[in-house]
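Below is one structure, written out as structure tokens, with a few remarks after it.
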Amino acid sequence: MREVKVWDIAVRVGHWSLVVLFAVAYLTGEIEVETLHAWAGYAILGIVLFRMLWGFVGTRHARFTDFVFGWRTTAAYARSLLTLRPRHYLGHNPLGGWMVVALLVTLLLVSWSGLELYATEGKGPLAGGSTALVVSAPANGKVEREREHEGDSLWEDVHEVLASFCLLLVVLHIGGVLVSSLLHRENLVRAMITGRKRVDPESTK
């Protein structure tokens, strides 16, 4: 067994920052701390966009090419879990890689829907711009206000559904980390803190 460097500082800081910021944004979504919720959302959006860029130009195990596998490889890995002896990957395993992609895409959609919802209140960078869910009716002020309210409500529903789906992915992700840690006898939480894994070079991809 030897220790090898896997996760760079950008991946680790981004990962734990998203953990904290998502918790803050989710917990402040239903209480009167709108500014904190909004700024947490801005920070999440910035980190997600950086992580997506880093997935193309970052270090080896940070790149999408290192952990986004084809469906055949992913299915084979999923089947191997039933044997309790799945193949070990130094970076993300195939299922973990697709979970990373799903989380990044979902967080991006949550952030976008949040910006659209914020815009219906006349706030944020999208305020004043057109949106498909808010219809203007200048000839009738009452109708206009009702439709704006409908648009506001619809974006709120979209935002809440996406946030709930993201929370589900987070729970599945945590479950996957625990299962993988047990099957491979490694501490993945510690690895995401230190950036290092203890591995057997002969059994690792």
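Values as computed for the structure displayed
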read-out	value
Computed magnitude of the charge dipole of the range 45-93 (debye, nearest 20; Cβ of K, R +1, Cβ of D, E -1)	160
Cut-off under 5 Å, modelled amide H: who pairs with H88 long-range	K205
Cα centre as origin, Lys/Arg/Asp/Glu Cβ charges: the range 1-98 dipole, Debye	820
Spatial separation of Cα centroids for the range 154-205 and the range 33-58, in angstrom	18
Backbone HN-Hα couplings from phi across the range 119-128 [Karplus 6.51/-1.76/1.60, Hz, Gly and Pro as x]	5, 5, 9, x, 10, x, x, 8, 4, x
Selection from T35, A25, V11, by position along the positive dipole direction of the range 1-41 (Cβ)	V11
Surface share of carbon and sulfur [accessible, 1.4 angstrom probe, percent] for the range 1-124	68
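The values are calculated or read from the model by the stated rules, or taken from the named source; none is laboratory data. Here the structure is a predicted model, which is why all the values come from computation and not from measurement. Every residue, glycine as well, gets a Cβ built from its backbone with ideal geometry; the counts of neighbours run over all protein chains shown. Accessible surface is based on the protein model in full, side chains and every heavy atom, while ligands, DNA and RNA are left aside. Shrake-Rupley method; radii C 1.70, N 1.55, O 1.52, S 1.80 Å.
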